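Before any comments, here is the structure.
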Amino acid sequence: MIHSYEDAIAFLYKAIDYEKLISYQYNTSTFSLDRMFRMLEHVGNPHKAFPSIHITGTKGKGSTSIMIATVLEHAGLKTGLFTSPHLVDIGERIQINRQKISRDDFTSVVGDLFAYIRHLRETDPSASPTFFEILTAIAMMCFRENRVDVAVLEAIPFDYPGSATEVVYETDEFTCVCPWTGLPDFARLVIRYL
(Lines give C-alpha, C1' and ligand atoms only; values in the text may rest on other atoms or scores of the structure.)
Protein backbone atom coordinates (compact mmCIF):
# COMPACT_ATOMS: atom_id res chain seq x y z
CA MET A 1 0.00 0.00 0.00
CA ILE A 2 1.12 3.56 -0.67
CA HIS A 3 0.96 5.74 2.48
CA SER A 4 3.57 8.40 1.73
CA TYR A 5 5.62 10.05 -0.98
CA GLU A 6 8.56 7.89 0.09
CA ASP A 7 6.42 4.75 -0.39
CA ALA A 8 5.44 5.97 -3.87
CA ILE A 9 9.06 6.62 -4.87
CA ALA A 10 10.22 3.26 -3.50
CA PHE A 11 7.44 1.46 -5.40
CA LEU A 12 8.27 3.29 -8.63
CA TYR A 13 11.98 2.48 -8.40
CA LYS A 14 11.18 -1.23 -8.26
CA ALA A 15 10.19 -1.04 -11.94
CA ILE A 16 12.82 -1.75 -14.58
CA ASP A 17 14.47 1.50 -15.61
CA TYR A 18 16.00 1.32 -19.07
CA GLU A 19 17.37 4.85 -18.68
CA LYS A 20 19.93 3.47 -16.20
CA LEU A 21 20.98 0.34 -18.06
CA ILE A 22 24.24 0.48 -19.96
CA SER A 23 23.29 -2.04 -22.59
CA TYR A 24 19.95 -3.45 -23.65
CA GLN A 25 18.32 -4.67 -26.81
CA TYR A 26 15.18 -2.91 -27.97
CA ASN A 27 12.71 -5.08 -29.78
CA THR A 28 9.02 -4.86 -30.50
CA SER A 29 8.11 -7.78 -28.25
CA THR A 30 9.76 -6.14 -25.23
CA PHE A 31 8.84 -2.55 -26.11
CA SER A 32 5.31 -2.40 -27.42
CA LEU A 33 2.59 -0.01 -26.36
CA ASP A 34 0.35 -2.85 -25.16
CA ARG A 35 1.41 -2.52 -21.50
CA MET A 36 0.86 1.21 -21.66
CA PHE A 37 -2.60 0.98 -23.22
CA ARG A 38 -3.70 -1.63 -20.63
CA MET A 39 -2.44 0.49 -17.74
CA LEU A 40 -4.10 3.66 -19.05
CA GLU A 41 -7.35 1.81 -19.66
CA HIS A 42 -7.25 0.62 -16.04
CA VAL A 43 -7.24 4.26 -14.88
CA GLY A 44 -9.83 5.57 -17.35
CA ASN A 45 -7.65 6.58 -20.33
CA PRO A 46 -6.40 9.90 -18.95
CA HIS A 47 -4.44 10.61 -22.16
CA LYS A 48 -7.75 11.18 -23.95
CA ALA A 49 -8.80 14.01 -21.60
CA PHE A 50 -6.64 16.76 -23.16
CA PRO A 51 -4.95 17.63 -26.47
CA SER A 52 -1.24 16.81 -26.62
CA ILE A 53 1.86 18.05 -28.36
CA HIS A 54 4.34 15.19 -28.74
CA ILE A 55 7.98 16.21 -29.13
CA THR A 56 10.12 13.52 -30.76
CA GLY A 57 13.54 13.22 -32.39
CA THR A 58 17.10 12.68 -31.25
CA LYS A 59 18.24 16.14 -30.13
CA GLY A 60 16.52 19.27 -28.88
CA LYS A 61 13.40 17.61 -27.47
CA GLY A 62 13.75 18.93 -23.92
CA SER A 63 14.41 22.55 -24.82
CA THR A 64 11.71 22.47 -27.53
CA SER A 65 9.23 21.03 -25.01
CA ILE A 66 9.99 23.72 -22.44
CA MET A 67 9.76 26.52 -25.03
CA ILE A 68 6.41 25.30 -26.38
CA ALA A 69 4.99 24.80 -22.86
CA THR A 70 6.12 28.30 -21.87
CA VAL A 71 4.51 29.89 -24.95
CA LEU A 72 1.25 28.03 -24.30
CA GLU A 73 1.23 29.07 -20.65
CA HIS A 74 1.86 32.71 -21.57
CA ALA A 75 -1.03 32.44 -24.04
CA GLY A 76 -3.26 31.70 -21.06
CA LEU A 77 -3.50 27.91 -21.33
CA LYS A 78 -3.09 25.62 -18.34
CA THR A 79 -0.20 23.54 -19.66
CA GLY A 80 1.13 20.16 -18.58
CA LEU A 81 4.78 19.36 -19.31
CA PHE A 82 6.36 15.89 -19.20
CA THR A 83 10.13 15.66 -19.76
CA SER A 84 13.02 13.41 -18.83
CA PRO A 85 15.35 12.82 -17.20
CA HIS A 86 15.16 14.71 -13.92
CA LEU A 87 18.22 16.30 -12.32
CA VAL A 88 17.39 16.33 -8.63
CA ASP A 89 13.75 15.49 -7.94
CA ILE A 90 11.48 13.20 -9.92
CA GLY A 91 8.78 15.87 -9.76
CA GLU A 92 10.82 17.90 -12.25
CA ARG A 93 9.57 15.55 -14.97
CA ILE A 94 5.89 16.38 -14.44
CA GLN A 95 4.91 20.04 -14.29
CA ILE A 96 1.80 22.14 -14.67
CA ASN A 97 2.41 25.74 -15.68
CA ARG A 98 6.15 25.17 -15.01
CA GLN A 99 5.49 24.11 -11.39
CA LYS A 100 6.39 20.59 -10.27
CA ILE A 101 3.39 18.50 -9.33
CA SER A 102 2.94 18.24 -5.59
CA ARG A 103 4.18 15.26 -3.62
CA ASP A 104 0.56 14.67 -2.56
CA ASP A 105 -0.62 14.50 -6.19
CA PHE A 106 2.26 12.18 -7.07
CA THR A 107 1.53 9.91 -4.11
CA SER A 108 -2.19 9.84 -4.88
CA VAL A 109 -1.82 8.74 -8.50
CA VAL A 110 0.83 6.14 -7.64
CA GLY A 111 -1.69 4.86 -5.09
CA ASP A 112 -4.28 4.58 -7.87
CA LEU A 113 -1.84 2.44 -9.91
CA PHE A 114 -0.45 0.42 -7.01
CA ALA A 115 -2.77 -2.62 -6.94
CA TYR A 116 -2.74 -2.99 -10.72
CA ILE A 117 1.06 -2.88 -11.01
CA ARG A 118 1.66 -5.00 -7.91
CA HIS A 119 -0.63 -7.70 -9.33
CA LEU A 120 1.34 -7.74 -12.59
CA ARG A 121 4.68 -7.84 -10.78
CA GLU A 122 3.49 -10.86 -8.79
CA THR A 123 1.70 -12.77 -11.55
CA ASP A 124 3.31 -11.78 -14.86
CA PRO A 125 6.48 -9.70 -14.45
CA SER A 126 7.00 -9.39 -18.22
CA ALA A 127 3.65 -7.57 -18.44
CA SER A 128 4.59 -5.18 -15.65
CA PRO A 129 5.14 -1.60 -16.85
CA THR A 130 8.60 -0.03 -16.91
CA PHE A 131 9.77 2.98 -14.92
CA PHE A 132 9.20 5.33 -17.89
CA GLU A 133 5.78 3.83 -18.66
CA ILE A 134 4.64 4.31 -15.06
CA LEU A 135 5.94 7.90 -15.02
CA THR A 136 4.13 8.61 -18.29
CA ALA A 137 0.88 7.29 -16.82
CA ILE A 138 1.43 9.34 -13.65
CA ALA A 139 1.90 12.48 -15.76
CA MET A 140 -1.23 11.84 -17.80
CA MET A 141 -3.28 11.12 -14.68
CA CYS A 142 -2.04 14.34 -13.02
CA PHE A 143 -2.78 16.33 -16.16
CA ARG A 144 -6.32 14.96 -16.30
CA GLU A 145 -6.97 15.52 -12.60
CA ASN A 146 -5.65 19.09 -12.82
CA ARG A 147 -7.68 19.73 -15.98
CA VAL A 148 -4.87 21.00 -18.18
CA ASP A 149 -5.85 22.66 -21.45
CA VAL A 150 -2.94 21.00 -23.28
CA ALA A 151 0.01 18.74 -22.49
CA VAL A 152 3.51 18.85 -23.98
CA LEU A 153 5.14 15.41 -23.89
CA GLU A 154 8.81 14.77 -24.59
CA ALA A 155 9.35 11.35 -26.16
CA ILE A 156 12.43 9.27 -25.69
CA PRO A 157 14.78 8.87 -28.69
CA PHE A 158 13.81 7.39 -32.05
CA ASP A 159 15.81 4.24 -31.40
CA TYR A 160 13.14 3.17 -28.90
CA PRO A 161 10.40 1.36 -30.86
CA GLY A 162 7.47 2.28 -28.66
CA SER A 163 7.92 5.31 -26.45
CA ALA A 164 5.16 5.27 -23.86
CA THR A 165 4.26 8.83 -24.85
CA GLU A 166 3.19 7.58 -28.30
CA VAL A 167 -0.17 6.55 -26.85
CA VAL A 168 -1.36 10.07 -27.69
CA TYR A 169 -1.37 9.05 -31.36
CA GLU A 170 -4.52 7.06 -30.55
CA THR A 171 -6.37 10.19 -29.41
CA ASP A 172 -8.34 12.68 -31.46
CA GLU A 173 -6.19 15.69 -30.61
CA PHE A 174 -2.42 15.56 -30.90
CA THR A 175 0.37 17.30 -32.77
CA CYS A 176 3.82 15.83 -33.36
CA VAL A 177 6.86 18.11 -33.41
CA CYS A 178 10.34 16.95 -34.44
CA PRO A 179 13.16 19.44 -33.84
CA TRP A 180 15.18 19.44 -37.07
CA THR A 181 18.47 17.68 -36.54
CA GLY A 182 19.04 16.44 -40.06
CA LEU A 183 17.68 14.22 -42.77
CA PRO A 184 18.19 10.91 -40.88
CA ASP A 185 15.76 12.03 -38.15
CA PHE A 186 13.22 13.22 -40.68
CA ALA A 187 13.49 9.96 -42.65
CA ARG A 188 12.97 7.87 -39.51
CA LEU A 189 9.95 9.95 -38.57
CA VAL A 190 8.35 9.58 -41.98
CA ILE A 191 9.06 5.86 -42.24
CA ARG A 192 7.92 5.10 -38.71
CA TYR A 193 4.69 7.07 -38.54
CA LEU A 194 3.25 6.87 -42.05
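Annotations
- Residues of the range 76-97 that are at pLDDT 95 or above and open to solvent by 20 Å² or more (accessible area, probe 1.4 Å): 76, 77, 78, 95, 96, 97.
- Residue in the range 143-151 that is at pLDDT 85 or above and under 17 Å from residue 84 (Cα atoms) present: yes
- Condition met for residue 147 (open to solvent by 60 Å² or more (accessible area, probe 1.4 Å) and assigned to a helix (DSSP H, G or I)): no
- Residue in the range 155-172 that is at pLDDT below 90, open to solvent by 40 Å² or more (accessible area, probe 1.4 Å) and more than 16 Å from the chain's Cα centre (by Cα) present: yes
- Within the range 98-113, the residues that satisfy the criterion of being open to solvent by 30 Å² or more (accessible area, probe 1.4 Å) and assigned to a loop (DSSP other than H, G, I, E, B) are 98, 102.
- Hits in the range 51-71 (condition: open to solvent by less than 30 Å² (accessible area, probe 1.4 Å) and more than 14 Å from the chain's Cα centre (by Cα)): 57, 64, 69
- Enumeration of residues in the range 17-50 that are open to solvent by 80 Å² or more (accessible area, probe 1.4 Å) and either among the hydrophobic types (A, V, I, L, M, F, W, C) or modelled with pLDDT of 90 or more (or both): 22, 38, 41, 42, 48
- Test for residue 134: is it farther than 15 Å from residue 58 by Cα, touching a Pro at 6+ places or on another chain (Cβ under 7 Å), modelled with pLDDT under 95 and part of a helix (DSSP H, G or I): no
- Scanning the range 103-140 for residues that are over 17 Å from the mean Cα position of the chain (by Cα) and farther than 15 Å from residue 1 by Cβ returns 103, 104, 120, 123, 124, 125, 126, 127.
- If the condition is being part of a loop (DSSP other than H, G, I, E, B) and touching a Gly at 6+ places or on another chain (Cβ under 9 Å), then the range 38-58 contributes 50, 58.
The values are calculated or read from the model by the stated rules, or taken from the named source; none is laboratory data. Keep in mind that what you see is a predicted model, and the values were worked out from it rather than measured. We place every Cβ from the backbone using ideal geometry, glycine too, and count neighbours over all the protein chains shown. When the accessible area is computed, the model is the full protein with side chains, heavy atoms only, and any ligands, DNA or RNA have been set aside. Shrake-Rupley method; radii C 1.70, N 1.55, O 1.52, S 1.80 Å.
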